[in-house]
Every structure is written in C-alpha cells, then in structure tokens.
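The values are calculated or read from the model by the stated rules, or taken from the named source; none is laboratory data. The model shown is predicted, which means the values in this text are computed figures rather than measured ones. Quick reminder, even Gly has a Cβ in these numbers, built from the backbone with ideal geometry, and neighbours come from all protein chains shown. Each accessible area value is taken on the protein alone, full model and side chains, heavy atoms only, with ligands, DNA and RNA left out. Shrake-Rupley method; radii C 1.70, N 1.55, O 1.52, S 1.80 Å.
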Amino acid sequence: AKLRVQMRSEIKELHQRLKTTTIYVTHDQVEAMTMADKIVVMKDGIIEQIGTPLDLYDRPQNTFVAGFIGSPSMNFISGAMSADGFRTPDGIVLPVTDKSFAAASTYGIRPEHLHLDPEGIEIEVIVLEPTGSETQVIGRLGNQSINGIFRERISAAPGSKIRVAPDLAVVHLFDK
C-alpha cells in the first residue's frame, strides 16, 4: 500500500514537471481521483461521464459514476418520491430539498455526508469500525444497508440504534 501511494506521487510529480499530456488507465478510483486533471468513466466500452475528479464526485450523472467515485461508495437507497419526501419501501421518509423530481427511485448520499442528529433518521448499527480519526458505521435503514463515516467517536454496540441526518445540499436523486 505504501509503495502504491509513493508511485502515485512520483507519477504525478513527473507529469507536472514534464507538462505533457498523459493517459493513465486504471480501475482504482482513488488513483484516478488523486492523479487526474480529467477523468473519463467508462462502462462496457461506453463513456458514462467526463469531468474533473471533483465534478464527478459532486455531480455524478448516474448511479454507475456515483458508485464508482468515492470510497467507501455512495449509499443507494431504493424508494420513491412522495409528498413528504423520499419514501423507502419500509415507509421511512428521507428528507429532500426538491420534491419535484417525481421520477426519483434511488436516493444517493455519500457516507461522509451523514451526520449524527438526535432528531434524524434511526439506523441500526451492524458493524462499528473506529480508525482513530473517524468512525465508520455499517448499518441498516429498514431493510436496506447504509454506511456512514463520522468524525466523532461513536460508542454504540452492534444492534443498537443511532440517529443520522443527511446533508441536504449533497443528496442525489436518480431515476431508473
């Protein structure tokens, strides 16, 4: 792992020093995000989206790009728009800022865009992974899996409940 990070750094430094166009093909999205000025995301030989790393991260055009960019991957929650928000098959209502996107069947939120909130949506903790600087929570929202990454230290046991809320400015709604 250390060698990969060192090689990425050396290749990027060489590219910057030589000021040449370089095409680098990788299946490792972290390499793509850290090394590229522009990324072309392809699936089955078809271009899905072209943009800067942060354009793809902030504004993915479909669930393939949204799921490929970011680590861990974006949460995809199934459901449908309703008058009160995005409703999962379990009847859980997730907040949205724009209820006019009637065709939405998938609610996308990145794990790092969830925050602890006593008034938020209840999730059941399945696995808690403290890494020191952050805590990853693998949980269940109704019958669907959801991941969260929190800067706070969380002391919750598997099977316990925590409440989270999405950052509504970065919620993604996708249609089929």
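Table for the structure above
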{"quantity": "Single unsatisfied condition, E152 versus (1) within 17 Å of L173 (Cα to Cα); (2) outside any strand (DSSP E or B)", "calculated": "(1)"}
{"quantity": "Qualifying residue in the stretch 124-134 (condition: touching a Pro at 6+ places or on another chain (Cβ under 8 Å) and open to solvent by 50 Å² or more (accessible area, probe 1.4 Å))", "calculated": "yes"}
{"quantity": "Members of the stretch 148-176 that are more than 17 Å from P95 (Cα to Cα) and under 15 Å from the mean Cα position of the chain (by Cα)", "calculated": "I149, F150"}
{"quantity": "Neighbours by Cβ (under 7 Å, 6+ apart or cross-chain): first from the stretch 67-93, closer than 15 Å to N147 by Cα; second surrounded by 15 or more Cβ atoms within 10 Å (Cβ to Cβ) and of a type in the set (D, E, K, R)", "calculated": "G70/R110; M74/R110"}
{"quantity": "Flag if F76 is open to solvent by 30 Å² or more (accessible area, probe 1.4 Å) and not polar (S, T, N, Q)", "calculated": "yes"}
{"quantity": "Residue match in the stretch 14-24 (condition: in a loop (DSSP other than H, G, I, E, B) and either within 21 Å of I121 (Cα to Cα) or at pLDDT 95 or above (or both))", "calculated": "no"}
{"quantity": "Complete set of residues in the stretch 1-13 that are assigned to a helix (DSSP H, G or I) and either more than 27 Å from P60 (Cα to Cα) or not hydrophobic (A, V, I, L, M, F, W, C) (or both)", "calculated": "K2, L3, R4, Q6, M7, R8, S9, E10, K12, E13"}
{"quantity": "Cross-chain or 6+ apart pairs with Cβ under 8 Å, the stretch 13-25 first and within 29 Å of K43 (Cβ to Cβ), then among the hydroxyl-bearing types (S, T, Y)", "calculated": "H15/T22"}
{"quantity": "Leading residue by the ranking (modelled with the lowest pLDDT) among those in the stretch 150-165 that are within 14 Å of H113 (Cα to Cα) and open to solvent by 80 Å² or more (accessible area, probe 1.4 Å)", "calculated": "E152"}
{"quantity": "Residue count, the stretch 26-41 (criterion: part of a helix (DSSP H, G or I) and either open to solvent by 100 Å² or more (accessible area, probe 1.4 Å) or in contact (Cβ under 8 Å) with a residue 40 or more places away in the chain (or both))", "calculated": "2"}
{"quantity": "Flag if R151 is more than 20 Å from Q29 (Cβ to Cβ) and of a type in the set (D, E, K, R)", "calculated": "yes"}
